[in-house]
Amino acid sequence: MYKLLSHNDLDGVGCGILAKLAFGNEVEVRYNSIGSLNREVERFLDNKDKSDSLFITDLSVNEENEKRLHDFYLAGGKLQLIDHHKTALSFNEYDWGHVVVEDEEGKLTSATSLLYQYLTENQFLEASDVVEEFVELVRQYDTWEWEKNENEQARRLNALFFLVAIDEFEGTMLERLNNNEHFSFDEFEKRILDMEDNKIERYIRRKRRELIQKKVGNEYAGVVFAESYHSELGNELGKEYPHLSYIVILNMSGRRMGFRTIHDDVDVSEVAGHFGGGGHAKAAGCTMTDEAYKRFVEETFQLEPIHEDARRNHYNLKASSFGTLYRNRMDKKFLLTATNDNAWVIEKNGVLLDEVFSSFQDAEIFLKRNYEAWLVRDEVFVKFLMEKVKEENK
Ligand SMILES: [Mn+2]
């Protein structure tokens, strides 16, 4: 018999699906949160009968289990740990450890892609197009490459994973990988995925109007209360408001908070680390400590949300040669224009500010950070220009 202990996310379950494709009824699969894996490993090692071959995928064990697993291996136990997280690289010291973050071609790996390689190389599983396509979708989702490649199918595979129970997902995928030549969603799945996409879009649109700007140290954060769709929300709000260093998502009922950024020069794992949490450079989280509560809940609760930029303009456009008009809550008007030598300057209520910017984007970032100004609608812009002409002709 084989036993596979894996993570309970799409990449981890991808491993379980491959194991079942390869070993059929000969494998027992259990999915774990990061916290529960060590208990499962202990249970396996405490068991008198240790004839099963053990696979651990997409997760790594604590120090004590590491020692015990090595003893198990030295005593003749069959064991293979396959992972792609940087933090697990030290397991490569062991014969039973196989941790690869990036393959020879420089492609980021996932646990599912590593297990697929392992199973096909050891002739446990025959290579096929449909399985390879599935593995690649999981890999792109898990490494976030789907975003850059705009691989909607990878994003939707993960959405489907969250819409159905794990057992059901596993069953459907196994059936598909066993019987189809290529990977695709069926008509019913496409319909529920479309409905889900619409729901997310409406949710994000609402949240966009609730985002609060907060200066934290030298950085500007966007703060929003939300319980669902944290990655989609962090990503969309980040792109919508590039003047913000990162987005803080507060889940009050879970007493947790998430940090997301779209900027390469911002590391939100450091921000989360300040509050005792951690994660990746672009996505991190922590539980809501008193300090975090004070800073992000108490100090922002009375603040007004960021005003959105006008969306359907034809004249008042960003980086336009006619100038671009913004307004803020104090009813100050800001005209952003290019100078003859390709620099950008800001007029505040007709008075030129001292700052000179090398790009429109830099000027807008300054404007939004310091004045929370927004792009006004065409009507306001046209009226402003007419008054300006009248002024000048006086
Ligand atoms: Mn993974």
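Quick check on segment 207-298: take the gyration tensor over C-alpha atoms, sort the square-rooted eigenvalues as a ≥ b ≥ c, and tell me if it's rounded (a/c under 1.5), prolate or oblate. Before the final figure, lay out the partial values.
Working: a/c = 1.31, a/b = 1.12, b/c = 1.16.
Taking the square roots of the gyration eigenvalues as a ≥ b ≥ c, segment 207-298 is rounded.
Highest first, please rank the peptides 107-116, 168-177 by the mean number of other Cβ atoms sitting within 10 Å of their residues. Before the final figure, lay out each step's value.
Values: 107-116: 23.5, 168-177: 16.5.
Going from most to least packed, we get 107-116, 168-177.
Rounding to the nearest 10 and keeping the result within 0 to 90°, find how far the Cα-based axis of helix 111-121 lies from the longest principal axis of the chain.
40 degrees
Taking loop as defined by DSSP and a crowding limit of 16 other beta carbons within 10 Å, which trypsin sites (Lys or Arg not before Pro) in segment 191-276 fit? Write down the numbers at each step before the final one.
Details: sites: Arg191, Lys199, Arg202, Arg205, Arg206, Lys207, Arg208, Arg209, Lys214, Lys215, Lys239, Arg255, Arg256, Arg260; in loops: Arg209, Arg255.
Here the sparse-neighbourhood loop sites are Arg209, Arg255.
Could you run the Karplus curve 6.51 cos²θ - 1.76 cosθ + 1.60 with θ = phi - 60° over segment 298-310 and give me ³J(HN,Hα) per residue in whole Hz, x for Gly and Pro?
Along segment 298-310, the couplings run 4, 6, 10, 4, 8, 6, 8, x, 4, 7, 6, 5, 4 Hz.
Can you list residues from other chains, or at least 5 along the same chain, whose modelled amide H is less than 5 Å from the amide H of Arg256?
Result for Arg256 returns Asn251, Met288.
Just in segment 301-394: which GluC sites (Glu not before Pro) are loop by DSSP and have at most 16 other Cβ atoms within 10 Å? Walk me through the intermediate numbers first.
Values: sites: Glu308, Glu347, Glu355, Glu364, Glu372, Glu379, Glu387, Glu391, Glu392; in loops: Glu308, Glu355, Glu372.
Those satisfying the criteria are Glu308, Glu355.
Determine the alpha carbon to alpha carbon distance for each of Lys86/Lys207; Lys318/Lys394; Lys107/Lys207; Lys20/Lys50; Lys368/Lys390; Lys3/Lys48 and list only those over 23 Å.
Numbers: Lys86/Lys207 34 Å; Lys318/Lys394 29 Å; Lys107/Lys207 35 Å; Lys20/Lys50 20 Å; Lys368/Lys390 29 Å; Lys3/Lys48 15 Å.
Going by Cα-Cα distance, Lys86/Lys207; Lys318/Lys394; Lys107/Lys207; Lys368/Lys390 fall outside the 23 Å limit.
Please list the non-local residues whose amide H lies under 5 Å from the amide H of Leu211, H modeled 1.01 Å from N, same-chain partners needing a gap of 5 or more.
Hits under the 5 Å cutoff: Ile306.
According to the square roots a ≥ b ≥ c of the eigenvalues of the Cα gyration tensor, what is the shape class of segment 324-393, taking rounded for a/c under 1.5, prolate for a/b larger than b/c otherwise, and oblate for the remainder?
Details: a/c = 1.85, a/b = 1.25, b/c = 1.48.
Oblate shape, in that a/c is at least 1.5 and b/c is the bigger or equal ratio.
Within segment 8-63, which trypsin sites (Lys or Arg not before Pro) sit in a loop by DSSP and count at most 13 neighbouring Cβ atoms inside 10 Å? Numbers along the way, then the final one.
Working: sites: Lys20, Arg30, Arg39, Arg43, Lys48, Lys50; in loops: Lys48, Lys50.
When the trypsin sites (Lys or Arg not before Pro) of segment 8-63 are filtered for loop state and at most 13 Cβ neighbours within 10 Å, Lys48 remain.
Between segment 357-385 and segment 137-151, how many Å separate their Cα centres?
What the calculation gives is 34 Å, centre to centre.
Order of Ser128, Ser228 from fewest to most other C-beta atoms within 10 Å?
Ser228, Ser128
Where the only charges are on Cβ atoms (+1 Lys, Arg; -1 Asp, Glu), what is the dipole of the chain about its Cα centre, to the nearest 20 debye?
Details: 50 positive and 74 negative charges, 445 e Å.
The calculation lands at about 2140 debye.
How large is the helix-only mean residue ellipticity at 222 nm for the chain, computed as the sum of -39500 (n - 2.57) over DSSP H runs with n ≥ 4, divided by its residue count, in deg cm²/dmol to the nearest 500? Spell out each step's value before the answer.
On the way: 14 runs with 165 residues, N = 394.
When only DSSP H runs of four or more count, the value is -13000 deg cm²/dmol.
Arrange Trp344, Trp144 by Cβ neighbour counts within 10 Å, fewest through most, would you?
Values: Trp344 21, Trp144 16.
Lowest to highest Cβ neighbour count: Trp144, Trp344.
Could you list Tyr326, Tyr94 in order of exposure, starting from the residue whose Cβ has the fewest other Cβ atoms within 10 Å? List each step's numbers first, then the result.
Details: Tyr326 26, Tyr94 16.
With the fewest neighbours first, Tyr326, Tyr94 line up as Tyr94, Tyr326.
Work from the charge dipole of segment 207-298 (Cβ charges, +1 for Lys and Arg, -1 for Asp and Glu, about the Cα centre) and give the residue of Gly277, Ser253, Asn218 farthest towards its positive end.
The Cα lying farthest towards the positive end belongs to Ser253.
Where a number appears in this text, it was derived from the coordinates with a stated rule and is not lab data. In this text the structure is predicted, and so the values were computed from the model without any measurement. Note that we place each Cβ from the backbone using ideal geometry, even for glycine, and neighbour counts take in every protein chain shown.
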